[in-house]
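Asks: Following this message is one structure expressed as structure tokens.
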Amino acid sequence: MEKFNKVFSEIKRLNKIDPASAAERLGKLTEEVGELAKEVNKTNGRKVLKPGDTKESIRNEIRDEAADTIQNVISLIDGFGIKPNELLDAIIRKNKSWSDKIKTKKRGPEAQKVQSVNKKQTKNAKKAEPIVATKKKKK
């Protein structure tokens, strides 16, 4: 926790000497997420490997891009006055919610099986005929 607080404080200090709007910080965060995605895509065949790319070098790039992404998230939320403990409390709350969804099969492998069955049922379902209102003729 102490290390996290030091990192948070350092980013707060850097924000003061490198001011930017929330929109600018969000743009930078989006850029970093894209760079992280590019590195992850090297592991699943969606991005062509370059000469010299190794499992270890890709892993290190993923680590560094994840660090850039987290750094930019902290930089962004600092502008809204969000403190380290608030962030960690929110993460703990979100983790519990995620865990609950997995347990109730709203997320995770079991949920994917249910979603797959539902998609098949939807695909195979006969489409309902539209109901068309007709005007009554005046006598």
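Each reported figure results from applying straightforward, stated rules to the coordinates on display, with no laboratory input. Because the structure is a prediction, the values reported are computed rather than measured. All Cβ positions, even for glycine, are placed from backbone atoms using ideal geometry, and neighbour counts span all protein chains on display.
Asks: In segment 61-97, which residues are in contact (Cβ under 8 Å) with a residue 12 or more places away in the chain, outside any helix (DSSP H, G or I) and either of a type in the set (Val, Ile, Thr) or more than 17 Å from Val7 (Cβ to Cβ) (or both)?
Replies: Selection gives Phe80 alone.
Asks: Hey, another quick one. For segment 21-37, what are the residues that are touching a helix residue (DSSP H, G or I) at 6+ places or on another chain (Cβ under 8 Å), of a type outside the set (Asp, Glu) and free of Cβ contacts under 8 Å to residues at least 40 places away in the same chain?
Replies: Within segment 21-37, Val33, Leu36 meet the criteria.
Asks: Quick one: Glu39 ticks every box in (1) within 25 Å of Leu88 (Cβ to Cβ); (2) in a helix (DSSP H, G or I) bar one, so which box is it?
Replies: (1)
Asks: For segment 36-59, give me each residue that is crowded, with 16+ Cβ neighbours inside 10 Å and not β-branched (Val, Ile, Thr).
Replies: Leu36, Glu39, Lys42 - these are the residues of segment 36-59 that are crowded, with 16+ Cβ neighbours inside 10 Å and not β-branched (Val, Ile, Thr).
Asks: Residues Ile58, Ile91, Ile82, Ile70: which one is within 23 Å of Glu10 (Cα to Cα), β-branched (Val, Ile, Thr) and over 15 Å from the mean Cα position of the chain (by Cα)?
Replies: Among Ile58, Ile91, Ile82, Ile70, only Ile82 is within 23 Å of Glu10 (Cα to Cα), β-branched (Val, Ile, Thr) and over 15 Å from the mean Cα position of the chain (by Cα).
Asks: So for segment 3-26 (the condition being at negative phi, of a type in the set (D, E, K, R), surrounded by 14 or more Cβ atoms within 10 Å (Cβ to Cβ) and within 16 Å of the chain's Cα centre (by Cα)), does at least one residue qualify? Reasoning before the result, please.
Replies: Residues of segment 3-26 that are at negative phi, as a first pass: 3-26.
From what's left, of a type in the set (D, E, K, R): 3, 6, 10, 12-13, 16, 18, 24-25.
From the residues that got through so far, the ones that are surrounded by 14 or more Cβ atoms within 10 Å (Cβ to Cβ) too are 12, 25.
Cutting the leftovers down to within 16 Å of the chain's Cα centre (by Cα) gives us none.
No: segment 3-26 contains no residue that is at negative phi, of a type in the set (D, E, K, R), surrounded by 14 or more Cβ atoms within 10 Å (Cβ to Cβ) and within 16 Å of the chain's Cα centre (by Cα).
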